[in-house]
Every structure is written in C-alpha cells, then in structure tokens.
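What follows is a short report on a single structure.
The values are calculated or read from the model by the stated rules, or taken from the named source; none is laboratory data. The model shown is predicted, which means the values in this text are computed figures rather than measured ones. As a convention, Cβ positions derive from the backbone with ideal geometry for all residues, glycine included, and neighbour counts pool all protein chains shown. Please note that ligands, DNA and RNA were not included when accessible areas were found on the heavy atoms of the full protein model with its side chains. Shrake-Rupley method; radii C 1.70, N 1.55, O 1.52, S 1.80 Å.
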Amino acid sequence: MSELQQRIADNVTRVREQIDAAARRSGRDSQSVRLVAVTKYVGLDEVLALLDVGCFDLGESRPQELWKKVNAVSHPLVQWHMIGHLQRNKVRRTLPAVRLVHSCDSLRLLQTIDTEAGRDACIVPVLLEVNVAEDAAKHGFSSDEIPLLLPTIAGLRNIKVQGLMGMAARGSDHVTARKYFVRLRELRDHLRGIGIPGIQMEELSMGMSGDFETAIEEGATIVRVGKTLFSGDA
Ligand SMILES: *Cc1c(COP(=O)(O)O)cnc(C)c1O
C-alpha cells in the first residue's frame, strides 16, 4: 500500500469511528448516517484510494469537475453527489451522473431539473438547500420561503424531494454551528409535520470536516466530508 493509500485508509477509519460515536450519542445507529466523501480538492489517486476502503458515495461541488471524475472512474458501486451550485445550463449533462442533487437552491433550477428528467423519463432525487446562515453571499432558499414553495415543488412530477441540505456560517465555532444545525432540523420537522403529498423530508445533509460530529448529534443523515479525509494530520 502506498503512503497515500495508507493515509486515506487511516483517515476514513478515524472519520467512520467518529461518525459511529456521534450517532450513538444521538441515540441512533451509525447506519443511519451516510458519509459522502468530497473529492473536490483531490485527483484520481485519492478517489481510487477511497474506493479501496469502501467509500462509494463521492461528492463534487463543480459540475465540470464532476463530469471529469465520473468519466475517469468506472466502478459499479460509485454514487456521485452534486453538492455545489448547479447552473441550469449544466443540468442536462449532470443528471445522468448523479444519485442525489443536494444543492437545489431555486425554484427555477428545480423546474429545469424536472423538465430534463421528464425528457429522460426518470425521477431525480433532490434536497433543497437552505441558507440557514442567512449569508447573502451564499446560495439557498430562505427558511421562510420553503413552506410557501413546497406545494409548487410537489407539483414537479419528475423530481423527488427527500429532505434538506445546509451548512453553518463560515468560521462558526461548535456552539454557533450547532445552532444552524438545530435550525435546519427544526425546519425539516416542521415541513414534515405539514405533510405535503409527494414531498419526503427524511434526509438532513449537514456537517463538513470541522463540524460533522455536531451535525450528527443534531440529526444529520448525510455528512459531506472532504479535507480531513486527505490531510496528513488527525
Ligand atoms: C467542500 C464542501 C464540503 C466539504 O468540506 P470540507 O471542509 O473539505 O470537509 C461539504 N459541502 C460542500 C457544499 C462543499 O462545497
């Protein structure tokens, strides 16, 4: 095993243990939390090392980079996640490559996904990105507009909403990050309570390298972890 493979294997083991412990602290099974390994900073060697240790859920934040890696990696178990802003003119090429679009941040984008999915007669699983940090520089729906838009979104027949995605404000400490995660979970629970037919609200995609344990404690079902899987220090 190369030094790179060993380092990534060790990092993945460590992160999985941390996920497991955090899930147990929140009274859940570790199977209820999916690890998406974010490969946006790294190349193919790192991706292959992830596959070697059974990390098959991979995330990319830029469509072009996603397409490149999808073409280069042909492993039957890989599932790609689109986690960054998706321009509408990149939807058609991106949809066939991904199992879940986390970063649906506007009604217009959802409508485009619906149209393209309809063309291919498929149903696309999506999450709604919420700008819980209310950061004007960030993408995402505001918490207030989602309940108003959901009936319209529910009418889009070729998308399947499965939950919400969000992130803490940049530079948040753990206490502040937890507040954002609680806010996202409460919004998810509220929307689930409204019970709009055709809308599922089970998934909560939240938590990155610096805060995934906190996110899991607050109910994350998907964590998106990059940096710490590749860095040399624990
Ligand atoms: C980069 C990125 C991540 C992973 O961040 P790390 O700090 O590298 O773990 C998660 N989610 C999104 C949307 C990202 O762009």
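Tabulated results
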quantity: Options Ser172, Ser209, Ser205, Ser231; residue that is without any contact (Cβ under 8 Å) to a residue 24 or more places away in the chain and within 14 Å of the ligand (Cβ to nearest atom); calculated: Ser209
quantity: Any chance Pro125 is over 20 Å from Phe181 (Cβ atoms) and open to solvent by 70 Å² or more (accessible area, probe 1.4 Å); calculated: no
quantity: Qualifying positions in the range 96-111 - touching a strand residue (DSSP E or B) at 6+ places or on another chain (Cβ under 6 Å), among the hydrophobic types (A, V, I, L, M, F, W, C) and either surrounded by fewer than 21 Cβ atoms within 10 Å (Cβ to Cβ) or more than 11 Å from Val124 (Cα to Cα) (or both); calculated: Ala97, Cys104
quantity: Some residue of the range 52-69 being more than 13 Å from the ligand (Cβ to nearest atom) and under 25 Å from Asn158 (Cα atoms); calculated: yes
quantity: Selected residue (criterion: most open to solvent (accessible area, probe 1.4 Å)) from residues of the range 54-82 that are closer than 18 Å to Ala117 by Cα and touching a residue at least 24 places away in the same chain (Cβ under 8 Å); calculated: Trp67
quantity: Unique residue being touching a residue at least 40 places away in the same chain (Cβ under 8 Å), loosely packed, with under 14 Cβ neighbours inside 10 Å and part of a helix (DSSP H, G or I) when the list is Arg7, Arg14; calculated: Arg14
quantity: Residues of the range 29-53 classified as in a loop (DSSP other than H, G, I, E, B), in contact (Cβ under 8 Å) with a residue 40 or more places away in the chain and open to solvent by less than 70 Å² (accessible area, probe 1.4 Å), total; calculated: 4
quantity: Filter result (aliphatic (A, V, I, L, M) and without any contact (Cβ under 8 Å) to a residue 24 or more places away in the chain) within the range 122-161; calculated: Ala136, Ala137, Leu148
